[in-house]
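Nothing in this text is a laboratory measurement; each read-out follows from the coordinates by a stated rule. Keep in mind that what you see is a predicted model, and the values were worked out from it rather than measured. Cβ coordinates were reconstructed from backbone atoms using ideal geometry, including for glycine residues, and neighbour counts include every protein chain displayed.
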Amino acid sequence: MSVSQLSQTVEEQPFFNVIQDRRSVRSYDPNVKISQEEMNEILQQAALAPSGANLQPWRFLVIDSQELKQKLYPIAFNQQQVIEASAVIAVLGDLEGYKLAEKIYGMAVDAGYMPAETAKSFVERYQGLFASMPPETVLQKVSIDGGLVSMQLMLVARAKGYDTVPMGGFDQAKFSEAFDIPERYAPIMLIAIGKAANPGHPTLRLPVEDIAYFNEMPKE
Ligand SMILES: Cc1cc2nc3c(=O)[nH]c(=O)nc-3n(C[C@H](O)[C@H](O)[C@H](O)COP(=O)(O)O)c2cc1C
């Protein structure tokens, strides 16, 4: 299914309603199930997020079996949404994502977006660059991309009438062990997704004058 076909299946909601209505929801209707087909649509739309060199190093482990959610519950410090939500999506960063550069740039060539020679030089450059980077730099890069795709996922979910909460509160090492995650994939975030049983608490944001400066940062 193409991206434009996918977008037709998405419930239309004005973008600003989507961003203003999104709240972290921590209480879910446990009877709501999101089908694999719909979850794939959400993920496909989320993956339109930008990423460094378009390497798309995000991977998703969708945990929607009740048994596995129970297993995750203590690892996520007994957060109730893990049990009640339709699914918990683990957003992982592929530390070897550059290995897919050839496929990604090959697709661009096939689509006529780029000459084969240009694609080849990009692939060589990125593979060389990533292979020589210290692991903590690679982790930082995939974490940035993972954050962007997570945000997009939460907005897509809201646009389709679902609610989410991002969760950094989980034991990453225990998660990787319990779910047999190969070392190549770094857990970045968990996102509970489903339909709210109770709305999220209202939250406030700092005024723009506290967070934004033009041309010069304050001295302290
Ligand atoms: C990186 C990150 C980690 C978070 N971890 C948790 C968490 O473990 N549990 C939780 O209930 N909320 C968690 N949150 C949600 C925040 O508490 C929430 O986004 C914030 O209070 C603003 O509220 P809002 O999302 O409703 O606008 C996390 C949010 C982010 C961005």
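Of note:
- Amide H contacts for Ala87 (H built 1.01 Å from N in the peptide plane; partners 5 or more residues away or on another chain; cut-off under 5 Å): Ile193.
- Rounded FRET efficiency, nearest 0.05, which uses the C-beta distance separating Asn198 from Phe77 and R0 of 22 Å: 0.65
- Fraction of beta bridges assigned by DSSP in the chain that are antiparallel (%, nearest 5): 95 percent
- Extension gain, Ser24-Gln70: 0.36 nm per intervening residue step, less the Cα-Cα distance, totals 14.5 nm.
- Exceedance of the 25 Å cut-off in Cα-Cα distance is limited, within the set Lys69/Lys103; Lys69/Lys195; Lys33/Lys69; Lys69/Lys174, to Lys69/Lys103.
- Charge-dipole axis of the stretch 97-179 as Lys and Arg at +1 and Asp and Glu at -1 on Cβ define it, positive-most pick from Ser143, Val156, Tyr126: Val156
- Cα lying deepest toward the dipole's positive end in the chain, options Ala192, Leu43, Phe16, charges on Cβ: Ala192
- Applying a DSSP loop filter and a limit of 10 other Cβ atoms within 10 Å to the GluC sites (Glu not before Pro) in the stretch 121-203 leaves Glu183.
- Two-site label geometry, Gln140 and Ser35: point separation in nm, points 7 Å out along Cα→Cβ: 4.4 nm
- Straightening the chain between Leu61 and Asp171 buys 38.0 nm, computed as 0.36 nm per residue apart minus the Cα-Cα spacing.
- For the pair the stretch 114-138 and the stretch 150-214, the centres of their Cα atoms are 29 angstrom apart.
- Sorted by Cβ density within 10 Å, fewest first, the residues Val25, Val208, Val18: Val208, Val18, Val25
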